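**Student:** My questions will all concern the structure given below.
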Amino acid sequence: MKLPSLVWGSPQWSSVAGILAGLAVAALLWNYARARAGRPVRLAAATLKAIGFAALLIALVEPMLTGTRPRRGANAFVILADNSQSMLIRDGRGTPTRGEWLRDRLGKEAAWKTRLEQDFDVRRYAFDSHLRAVEGFDTLVFDGVGSSLGTSLQSLAKRFHGLPIAGVLVFTDGSRTDTGDIDTAQLPPIFPVIPPSRGGGRDIGVRGVSITQTNFEAAPVVLRADVAATGYRGRPIVAVVTDETGKDVERQEMSANRDDRPLSFRFQFRPETKGLAFYRVRAFARDAEIPADPDAAVPPSSGDSDGGEQTVANNSRLVVVDQGGGPYRVLYVSGRPDPEFGFLRRALEADDQVGIVGLIRIARKQPKFDFRSGRRGEANPFYEGFDQSDPDLAERSDQPVLARFGTTGPDELRDGFPKTAEELYPYHAVILDDLESSFFTADQLALLRNFVSQRGGGLMMLGGPDSFADGRYDRTPVGELLPVYLDRSTPPSNGDADYRLSLTREGFLQPWVRLRKTEEDERKRLDELPTLPVLNQVRGIKPGAVVLSEARDGSGRTAPALVAQPFGKGRVASMLLGGLWRWDLKRTDPNDVEPKRAWRQTIRWLVADVPRRIEVTARPVADATAPAVDLRVRVRDALYLPLDNARVTLKITAPGGEELNLDAQPDGREAGTYAATYVTRKAGPYRLLASATAPDGSAVGQRETGWAAQPAADEFARLEPDRAWLESIASRTGGEVVDGDRLGAFVSSLSSRDAPIKEPWTAPLWHQPLYFLIAIACLAGEWGIRRLNGLP
């Protein structure tokens, strides 16, 4: 708001006014100096008379007020009304709903609207999930699904771009379902009008749900739910997780203590099926359980007048759990036959998502025999005709003898360890067990490094006499990616000492490292493990690596046992202990499955984040004018480089089983990325199956994901008006929050506010009644003082 400035209309009369002012001052001083009255009386009377004379003398120079005001009818002013379901909330018993309060303020006979239309070009809009122009507000029924307030304000800014708009008067409670950031630099002044909220309502709502998927086999899914319970202090609140069939997975109960602090529920469970699954979290009072009905989304207009909740639309939320990353393939390469591979295979039999392929060296080199006859230089006639003249086809007898296990065909690993990326990259992880570096060629060692850094695979090296520094991996590409330093050759202890495993603090924090839920139980389990005699000593760990477990000998000295670090796009782990199979062999309880679980969790961690040839994401579009989901598919070739010119099809299964096929288009911003946008029409779970075909017509693969559309739950995530956010938007745009009962005063103040198109105005000060009233009041006051004190 700008105050007017003061200018002089007839400055040529200023000298006359000054002479008269001087004579008046002299007359006052002479008159009151001779007056027989007390000093305070003379001072008060002289001051009042001086002010009165000054006001009359100033009128000689014509003082004028001047300023600018919005030109009538030249500027637009928008009235924006919220039509979402949250306006049906009743904030107290016997009070009107927020929508009824809004309609009462926006009625046709509202005097403030008439005044606003006289000065501005008034435009009327309503919003819920999208913005639209309306003729009037009498037809609002407040049934909109979603409240895209931020998106609607930005859409208004785009519509009026380059046009004069003085402001936006927004009637809303501030409950938003679009959570994106708002660029306030392009917005006109925003003036929110917020419905009054007196509190006192009762409600239970699931405000937020988060999912953490871990490699902890006993409970690979951790679900956290924040439940707000207003008006239920001291009463038990129940939270239940149910699967898609409505079966209870886990149920917990907590007591509500404070209205301003939500209850935090933490669920741990193992999904019964692999792949994509949807779970629902419900919350309710123990003595008033609500049905697991996802369609109960519209709040009753009666609010809590019957003693129940204000709405049940926010009592449940859907969450997506994706356990379908597999199948994974792990390549195990060992330098000698030992029980480790058999133990590992038996451990992974219980995991249908992970398959292991073994390449085990039976002998370092096959013995070469040359049967000859007694005659010098002549072959034994018994073997005549069996010579192979082609050296490329001749069987070489000076190569290691390798045994293959778990291969999918006769050609897999036929020539030993993979020599090309096309052969190695189909695996998701590689385990090296007691194998010296000379087993590999220089190209194979570089290929292993690229497998981790570029392809994003996992690598683990196990301890043994031919591992780490003793396998001469220092100064090799594999040594570069290991998380430990190999530049000191310390022979591995093999039978000289017995080592017991213990977890570090970082190890206890990693779900895939521990097997039991509490630290006390995990320490007890480790104390019961048999000791191991083999440990590869290293100088230290590299920067960025983490020691997850330590090996402790009988004298109490410790050394790193399990060390991990990220490397490029993948991850690497070093298990410096050897002979892990002894833990399974020496178990006292034949039903103890924890050693196998330890291997399964470790392998799961090793392959958890390995990229696949096709990956798909589904994220809500923040600035869309309708509830939309951005679908993106990343496609890679056999070398895991971005694949362009592929054909990507999307099969979307909506709630109720309705299917829709879309073609994703190439995204020009990123190679190998294809995008599409889908607008959700129904609330519920959505499934997406993305399929990619290479330019040559070969199938690249498929990938499934999903999302949950629940606009009602988002709309009623919080029931109280979001005054803080509205005040922030108003302050950042140069507006202010307007009292709904003082709209007339607000509209009157618009004439003194800034606007794109303005016009100057002037008004003589001496035309103002108040001006002369002050002058007359001062002279009358001076006369009264004189009469009361008997002055002439």
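The values are calculated or read from the model by the stated rules, or taken from the named source; none is laboratory data. Just so it is clear, the model here is predicted, and its values are computed rather than measured. With ideal geometry, Cβ positions are generated from the backbone for all residues, glycine too; neighbour counts draw on all protein chains shown. Heavy atoms of the whole protein, side chains included, go into the accessibility calculation; ligands, DNA and RNA do not. Shrake-Rupley method; radii C 1.70, N 1.55, O 1.52, S 1.80 Å.
**Student:** Which of the residues spanning segment 33-67 are outside any helix (DSSP H, G or I) and not acidic (D, E)? If you could, list the steps in order and put the result at the bottom.
**Tutor:** Within segment 33-67, the subset outside any helix (DSSP H, G or I) is 34-38, 62-67.
Of everything in segment 33-67, those that are outside any helix (DSSP H, G or I) and not acidic (D, E) turn out to be R34, A35, R36, A37, G38, P63, M64, L65, T66, G67.
**Student:** When you scan segment 400-435, how many residues do you find that are touching a Gly at 6+ places or on another chain (Cβ under 8 Å), open to solvent by 20 Å² or more (accessible area, probe 1.4 Å) and part of a loop (DSSP other than H, G, I, E, B)?
**Tutor:** Residues meeting the conditions: 2.
**Student:** Take E506 and tell me if it is over 25 Å from K596 (Cα atoms) and open to solvent by 70 Å² or more (accessible area, probe 1.4 Å). Steps first, answer last, please.
**Tutor:** Details: over 25 Å from K596 (Cα atoms): no; open to solvent by 70 Å² or more (accessible area, probe 1.4 Å): yes.
Spelling it out, it is not the case that E506 is over 25 Å from K596 (Cα atoms) and open to solvent by 70 Å² or more (accessible area, probe 1.4 Å).
**Student:** Filter segment 742-757 for residues that are within 40 Å of the chain's Cα centre (by Cα) and loosely packed, with under 14 Cβ neighbours inside 10 Å and give the result.
**Tutor:** Start the filter on segment 742-757 by keeping residues that are within 40 Å of the chain's Cα centre (by Cα), which leaves 742-743, 746, 753-756.
Within segment 742-757, R742 is the sole residue that qualifies.
**Student:** Continuing with this model, one more query. Suppose the filter is crowded, with 24+ Cβ neighbours inside 10 Å and within 27 Å of R742 (Cα to Cα); does R123 pass it?
**Tutor:** Values: crowded, with 24+ Cβ neighbours inside 10 Å: no; within 27 Å of R742 (Cα to Cα): yes.
Here the answer is no, as R123 does not meet what is asked.
**Student:** So is G52 touching a helix residue (DSSP H, G or I) at 6+ places or on another chain (Cβ under 9 Å), over 30 Å from E736 (Cβ atoms) and among the small types (G, A, S) or not? Don't jump to the end; show me each part of the working.
**Tutor:** Numbers: touching a helix residue (DSSP H, G or I) at 6+ places or on another chain (Cβ under 9 Å): yes; over 30 Å from E736 (Cβ atoms): yes; among the small types (G, A, S): yes.
Taking the combined requirement at face value, the residue satisfies it.
**Student:** With surrounded by fewer than 19 Cβ atoms within 10 Å (Cβ to Cβ), in a strand (DSSP E or B) and in contact with a Pro (Cβ under 9 Å, 6 or more places away or on another chain) as the only criterion, which of D630, D644 stands out? Can you show your working first?
**Tutor:** Numbers: D644 fails: in a strand (DSSP E or B).
Only one candidate passes the filter, namely D630.
So that you can scan it fast, the table gives a plain yes or no per residue for (1) at pLDDT 80 or above; (2) closer than 30 Å to L765 by Cβ; (3) open to solvent by less than 40 Å² (accessible area, probe 1.4 Å); (4) not small (G, A, S):
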position: Y32; (1), (2), (3), (4): no, yes, yes, yes
position: I51; (1), (2), (3), (4): yes, yes, no, yes
position: I58; (1), (2), (3), (4): no, yes, no, yes
position: G67; (1), (2), (3), (4): no, yes, yes, no
position: D91; (1), (2), (3), (4): no, no, yes, yes
position: R103; (1), (2), (3), (4): yes, no, no, yes
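**Student:** Kindly list, by first and then second residue, each pair from a residue in segment 120-131 that is among the basic types (K, R) to a residue that is open to solvent by less than 20 Å² (accessible area, probe 1.4 Å) and modelled with pLDDT of 90 or more, limited to pairs with Cβ atoms under 6 Å and residues at least 6 apart or on different chains.
**Tutor:** Between residues of segment 120-131 that are among the basic types (K, R) and residues that are open to solvent by less than 20 Å² (accessible area, probe 1.4 Å) and modelled with pLDDT of 90 or more, the close pairs are R123/A76; R123/V78; R124/I79.
**Student:** I would also like to ask the following. Scan segment 151-162 residue by residue and report those that are open to solvent by less than 20 Å² (accessible area, probe 1.4 Å) and part of a loop (DSSP other than H, G, I, E, B).
**Tutor:** F160
**Student:** If you scan segment 126-150, which residues turn out to be open to solvent by 80 Å² or more (accessible area, probe 1.4 Å) and of a type in the set (S, T, Y)?
**Tutor:** Here is the first cut: in segment 126-150, the ones open to solvent by 80 Å² or more (accessible area, probe 1.4 Å) are 135, 138-139, 141, 143.
Answer for segment 126-150, where residues must be open to solvent by 80 Å² or more (accessible area, probe 1.4 Å) and of a type in the set (S, T, Y): just T139.
**Student:** Could you please give the count of residues in segment 322-342 that are part of a strand (DSSP E or B) and either among the hydrophobic types (A, V, I, L, M, F, W, C) or under 18 Å from L585 (Cβ atoms) (or both)? Explain how you work it out, then say what you get.
**Tutor:** Filtering segment 322-342 for residues part of a strand (DSSP E or B) gives 322, 328-334.
From the residues that got through so far, the ones that are either among the hydrophobic types (A, V, I, L, M, F, W, C) or under 18 Å from L585 (Cβ atoms) (or both) too are 330-331, 333-334.
The qualifying residues number 4.
**Student:** Sticking with this one: Any idea which residue in segment 79-120 is farthest from T311 (Cα to Cα), counting only those that are of a type in the set (A, V, I, L, M, F, W, C) and under 33 Å from the mean Cα position of the chain (by Cα)?
**Tutor:** I79
**Student:** Report the residue count in segment 591-609 for those that are farther than 21 Å from D338 by Cα and of a type outside the set (S, T, N, Q). Break it down into steps so the answer makes sense when it comes.
**Tutor:** Within segment 591-609, the subset farther than 21 Å from D338 by Cα is 591-592, 601, 604-609.
Keeping just the survivors that are of a type outside the set (S, T, N, Q) gives 592, 604-609.
Final tally of qualifying residues: 7.
**Student:** Scan segment 606-623 and tell me whether some residue there is over 25 Å from A429 (Cα atoms), touching a residue at least 60 places away in the same chain (Cβ under 8 Å) and of a type in the set (D, E).
**Tutor:** Yes, segment 606-623 contains at least one residue that is over 25 Å from A429 (Cα atoms), touching a residue at least 60 places away in the same chain (Cβ under 8 Å) and of a type in the set (D, E).
**Student:** Please tell me if V298 is among the hydrophobic types (A, V, I, L, M, F, W, C), open to solvent by 20 Å² or more (accessible area, probe 1.4 Å) and modelled with pLDDT of 85 or more. Show your work before the answer.
**Tutor:** Working: among the hydrophobic types (A, V, I, L, M, F, W, C): yes; open to solvent by 20 Å² or more (accessible area, probe 1.4 Å): yes; modelled with pLDDT of 85 or more: no.
Considered against the rule, which asks whether it is among the hydrophobic types (A, V, I, L, M, F, W, C), open to solvent by 20 Å² or more (accessible area, probe 1.4 Å) and modelled with pLDDT of 85 or more, V298 comes out as no.
**Student:** Just to be sure I understand, how many residues within segment 93-127 are outside any loop (DSSP other than H, G, I, E, B) and not basic (K, R)?
**Tutor:** So in segment 93-127, the residues outside any loop (DSSP other than H, G, I, E, B) come out as 97-105, 111-119, 121-127.
Still in the running and not basic (K, R): 97, 99-102, 104, 111-112, 114, 116-119, 121-122, 125-127.
Adding up the residues that qualify gives 18.
**Student:** Among residues belonging to segment 163-188 that are among the small types (G, A, S) and crowded, with 21+ Cβ neighbours inside 10 Å, point out the one that is farthest from P627 (Cα to Cα). Don't jump to the end; show me each part of the working.
**Tutor:** In the first step, residues of segment 163-188 are kept if they are among the small types (G, A, S); the result is 166-167, 174-175, 180, 185.
Filter once more, so that each one left must be crowded, with 21+ Cβ neighbours inside 10 Å: 166-167, 174-175.
Details: A166: 29, G167: 27, G174: 18, S175: 16 Å.
Looking at residues that are among the small types (G, A, S) and crowded, with 21+ Cβ neighbours inside 10 Å, I get A166.
**Student:** Can you tell me which residue within segment 679-705, out of those that are in contact with a Pro (Cβ under 8 Å, 6 or more places away or on another chain) and of a type in the set (V, I, T), is most open to solvent (accessible area, probe 1.4 Å)? Don't jump to the end; show me each part of the working.
**Tutor:** Our first condition is that a residue be in contact with a Pro (Cβ under 8 Å, 6 or more places away or on another chain); within segment 679-705, this holds for 679-680, 682-686.
Filter once more, keeping what is of a type in the set (V, I, T): 679-680.
On the way: V679: 47, T680: 21 Å².
Filtering first and then ranking leaves V679.
**Student:** If we scan segment 546-560, do we find a residue that is among the polar types (S, T, N, Q), touching a residue at least 40 places away in the same chain (Cβ under 8 Å) and not in a strand (DSSP E or B)?
**Tutor:** No; the residues of segment 546-560 include none that is among the polar types (S, T, N, Q), touching a residue at least 40 places away in the same chain (Cβ under 8 Å) and not in a strand (DSSP E or B).
**Student:** Can you find a residue that is in a loop (DSSP other than H, G, I, E, B) and basic (K, R) anywhere in segment 580-591?
**Tutor:** Pass one, segment 580-591, residues in a loop (DSSP other than H, G, I, E, B): 580, 586-591.
Those still in the list that are basic (K, R) too: 586-587.
Among the residues of segment 580-591, at least one is in a loop (DSSP other than H, G, I, E, B) and basic (K, R), which makes the answer yes.
**Student:** Does segment 230-249 hold any residues that are modelled with pLDDT of 90 or more and outside any loop (DSSP other than H, G, I, E, B), and which are they?
**Tutor:** P236, I237, V238, A239, V240, V241, T242, D248, V249
**Student:** Now for a different question. Within segment 343-366, count every residue that is free of Cβ contacts under 8 Å to residues at least 40 places away in the same chain and either under 26 Å from V610 (Cβ atoms) or assigned to a loop (DSSP other than H, G, I, E, B) (or both).
**Tutor:** In the first step, residues of segment 343-366 are kept if they are free of Cβ contacts under 8 Å to residues at least 40 places away in the same chain; the result is 349, 363-366.
Now restrict to residues that are either under 26 Å from V610 (Cβ atoms) or assigned to a loop (DSSP other than H, G, I, E, B) (or both): 349, 364-366.
Residues meeting the conditions: 4.
**Student:** Which number in (1) in a helix (DSSP H, G or I); (2) crowded, with 16+ Cβ neighbours inside 10 Å marks the one condition that A74 misses?
**Tutor:** A74 satisfies every listed condition except (1).
Residue-by-condition table, conditions (1) in contact with a Lys or Arg (Cβ under 6 Å, 6 or more places away or on another chain); (2) closer than 26 Å to P685 by Cα; (3) open to solvent by less than 10 Å² (accessible area, probe 1.4 Å); (4) modelled with pLDDT under 85:
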position	(1), (2), (3), (4)
S305	yes, no, no, yes
G308	no, no, no, yes
L318	yes, yes, no, no
Y332	no, no, yes, no
A350	no, no, no, yes
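**Student:** Take R669 and tell me if it is touching a Gly at 6+ places or on another chain (Cβ under 7 Å), closer than 30 Å to Y425 by Cα and open to solvent by 20 Å² or more (accessible area, probe 1.4 Å). Even if it seems obvious, please write down each step before you answer.
**Tutor:** On the way: touching a Gly at 6+ places or on another chain (Cβ under 7 Å): no; closer than 30 Å to Y425 by Cα: yes; open to solvent by 20 Å² or more (accessible area, probe 1.4 Å): yes.
Here the answer is no, as R669 does not meet what is asked.
**Student:** Report, by residue number, each residue of segment 566-602 that is open to solvent by 50 Å² or more (accessible area, probe 1.4 Å) and at positive phi.
**Tutor:** G568
**Student:** Further question: Any residue that is at pLDDT 90 or above and touching a strand residue (DSSP E or B) at 6+ places or on another chain (Cβ under 9 Å) - is there at least one of those in segment 472-479? Before you say what the answer is, go through the steps one by one.
**Tutor:** Initial filter on segment 472-479 (at pLDDT 90 or above): 472-479.
After this cut, where a residue has to be touching a strand residue (DSSP E or B) at 6+ places or on another chain (Cβ under 9 Å) as well, the list is 473, 478.
Checked segment 472-479: at least one residue is at pLDDT 90 or above and touching a strand residue (DSSP E or B) at 6+ places or on another chain (Cβ under 9 Å).
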